[in-house]
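A short reminder: the numbers here are calculations on the coordinates, not readings from a lab. As the structure is a prediction and not an experimental result, all values here were calculated from the model. Cβ placement follows ideal geometry from the backbone for every residue including glycine, while neighbour counts extend to all protein chains displayed.
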Amino acid sequence: MNVASALLDTHMKKIVIASNNAGKLREIARILEPMGFEAMPQGAFGVPECPEPHVTFVENCIAKARHAAAHTGLPALADDSGICVDALNGAPGVYSARYAGEPKSDQRNNQKLIEALQGEANRRAHYYCVMVYVRYADDPTPIIAEGAWHGEIIDAPRGDGGFGYDPYFLIPAFGRTGAELGMEEKNGISHRGQALRALAEKLGKL
């Protein structure tokens, strides 16, 4: 039995995605669709934003998945992801979406990151993603998977695709930034694509 068939056998066709990030929702839905899941954003159910007080991606992710499941009564998939820069001791990390404060702004986040790296020779960075699937809010055995996408930060943006830090995130092996990749190509190598495929494999073994 392949992974897609195994997922269909769970009879959980509808799944709520614990996010209101439009770019993230598009990427997740695109990957989930061939697996037989109808991905529904939590905003469609009026689910409020979940507090994210933790300092690790996995703790925040579990909290978000339980929060969405509790409000909707559906299985929930949460993702917590961000970019970690070596020269900044892993920052922005879990604060990636709000690196420059409220309201959230990709433009201001990127500007702050580039300013923080001025004069820094080490530009290594990686996107990190953890995904958590819960069958119900108090699921005692959440399914957890992760992925990492390595690259480096450049000073000038390139490309008009993707979102977040993608225009400044160069993948040396490709000679392109995350924003210069097509969606299918990005999903094939990104931190989120890796994490979701790993999650699917785990679900398929249940």
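Where does the chain land on the Kirkwood hydrodynamic radius, alpha-carbon pairs, in angstrom? Don't jump to the answer; show the numbers that get you there.
On the way: mean 1/r = 0.0575 Å⁻¹.
It is 17.4 Å.
Normalised by the residues of the range 3-204, what does the relative contact order come to in percent, with Cα pairs under 8 Å and at least six apart? Show your work: numbers first, answer last.
Working: 405 pairs, mean separation 39.7, N = 202.
Rounded, it is 20 percent for the range 3-204.
At a Förster distance of 22 Å, what's the computed FRET efficiency of E185 paired with A156, Cβ-Cβ distance as r, to 0.05? Provide the component values of the computation, followed by the final result.
Numbers: r = 22 Å, r/R0 = 0.98.
Result of the calculation: an efficiency of 0.55.
What list of ³J(HN,Hα) values in whole Hz, one per residue of the range 134-150 in order, does the Karplus curve 6.51 cos²θ - 1.76 cosθ + 1.60 (θ = phi - 60°) give from phi, with Gly and Pro shown as x?
Along the range 134-150, the couplings run 10, 6, 7, 4, 9, 3, x, 10, x, 9, 10, 9, 9, x, 9, 10, 9 Hz.
For K13, go through the lysines and keep the ones whose alpha-carbon is under 18 Å away, minus same-chain ones fewer than eight residues off.
By straight Cα distance, K13 reaches K202, K205.
Students often forget the sequence filter, so: which aspartates and glutamates lie under 14 Å Cα-Cα from K186 once same-chain residues fewer than 8 apart are removed?
Partners found: E27, D160, D166.
At 24 Å minimum axial length over the Cα atoms and a Kyte-Doolittle cut of 1.0, report the qualifying DSSP H helices in the chain, or say none. Intermediate results must be reported in sequence, preceding the final value.
Values: long enough: none.
Within the chain not a single helix satisfies the rule.
Quick one: which of 147-157, 110-120, 57-67 comes out on top by average Cβ neighbours within 10 Å, and what's the full order, highest first?
On the way: 147-157: 16.8, 110-120: 13.8, 57-67: 21.9.
Listed from highest to lowest mean packing, they are 57-67, 147-157, 110-120.
Taking the Cα-to-Cβ direction at E38 and at E102 and moving 7 Å from each Cα, how far apart do the two end points lie in nm?
In this crude spin-label approximation the distance works out to 3.5 nm.
Calculate the length of the line joining the C-alpha centroid of the range 135-190 to that of the range 15-52, in whole Å.
So the separation of the two Cα centres works out to 17 Å.
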